[in-house]
1. At q = 0.14, 0.24, 0.26, 0.30 Å⁻¹, what log₁₀ I(q)/I(0) does segment 239-295 have when each alpha carbon counts as one equal point scatterer in the Debye sum?
2. What whole-number distance in Å separates the alpha-carbon centres of segment 210-257 and segment 97-147?
3. Compute the distance in nm between two label points, each set 7 Å from the Cα along the Cα-to-Cβ direction, one at ARG136 and one at ALA264.
4. Please report the orientation-averaged projected area of segment 124-200, defined via the convex hull of its C-alpha atoms, in nm².
5. Report the calculated FRET efficiency for ASP157 and ARG123 (r = Cβ-Cβ distance, R0 = 41 Å), to the nearest 0.05.
6. Give a residue-ordered list of calculated ³J(HN,Hα) values for segment 115-131 (Karplus: 6.51 cos²θ - 1.76 cosθ + 1.60, θ = phi - 60°; whole Hz; x for Gly, Pro).
7. Restricting to Cα atoms and excluding each atom paired with itself, what does the Kirkwood estimate give for segment 209-266 in Å?
8. Stretch GLN245-ARG178 to full length: gain in nm at 0.36 nm per residue minus the Cα-Cα span?
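Computed from the coordinates by the stated procedures, all read-outs in this text should not be read as laboratory data. For clarity, every value in this text was computed on a predicted model and none was experimentally measured. Neighbour counts run over all protein chains shown; Cβ positions are idealised from the backbone, glycine included.
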Amino acid sequence: MNDTQSQVDPGSGAERTATIASAGIQAPDSNGQPQLQPSGRPHVQPDGQPHPADHVNDPAHAHAHADVWLSDVSAGYGDRTALEHVSAVVEPGSLLAVVGPNGAGKSTLLKLMAGLLEPWTGRIEVLGAPAGREARRVAYVPQAELVDWAFPVTVEDVVTMGRFPRLGPVRRPGRSDRRAVSDALGQVGMSHHRGTQIGQLSGGQRRRVFLARALAAEPDLFLLDEPVTGIDTTTQELLMDLLEQQASRGKTVVATTHDLAFVAQRFQQVMAINRTVVAYGASNLVLDAGVLARA
């Protein structure tokens, strides 16, 4: 996918606000601050009691409790704009799909969250710090076509790479690391391929291995670029079952995809983008004709 400037005009700010409002979604406030998009999970105070419901749409509260927080973010490559004026909040435990046409900025958005790309303007905070600061708590899985499958590494080598942020520059993998790798391979059904060179696997098997690498990292935030594209239905369902389990444990999952029917069936929330946020809310938004027309 090429995250260059989209050929589809995202429309004026007023039009975007009208579209979002018609879908029951809150636009950024008058100061450009992103509004909280409720996930259905109540926030919890230190004493274990849920916060009052009237805090849900408080931007300051949203900022304080977000795993990912973006405020008026624009970014691109060279002189090409990929995203502009993006404001959004992703709560802990979210299972969020990011959808949009080719060139809409989906991959760019994940790179910004991962700290791999600096925004031109605006602010991004991930896990309570500037993007990239908490890298060991973030697992980023790029699109399959961006990986050099001829590189001479085994399945076990790839999954072990997920442990490297925890190891640091000196320490070698120990017993707990090897256990995490074995557990991750078992979860994705690839234990019997641990010695296989990565390039010898099928497309679905490769996606399983890269999800295993993410699981082995034991992150708080998963950033997955097209994890279910071009793979068989059985593997799609397995990967989504695992991601749902992670979200149910309070981990946050953000994944890009083109499969709108799959989004409506398996994700909790959706963010539709076309260089900017068109709509953000419950996953059935992808079935809304107005949202589809805009994105």
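1. The calculated log intensity ratios at q = 0.14, 0.24, 0.26, 0.30 Å⁻¹ are -0.38, -0.97, -1.09, -1.31.
2. Measuring centre to centre over Cα atoms gives 15 Å.
3. Roughly 4.4 nm, to one decimal.
4. Values: hull surface 26.2 nm².
Reported value for the Cα convex hull: 6.6 nm².
5. Numbers: r = 37 Å, r/R0 = 0.90.
The value I calculate is 0.65.
6. Computed from phi, the couplings for segment 115-131 are x, 8, 9, 8, x, 6, 9, x, 10, 10, 10, 10, 6, x, 8, x, 3 Hz.
7. Hydrodynamic radius (Kirkwood, Cα pairs) of segment 209-266 is 11.7 Å.
8. 21.9 nm
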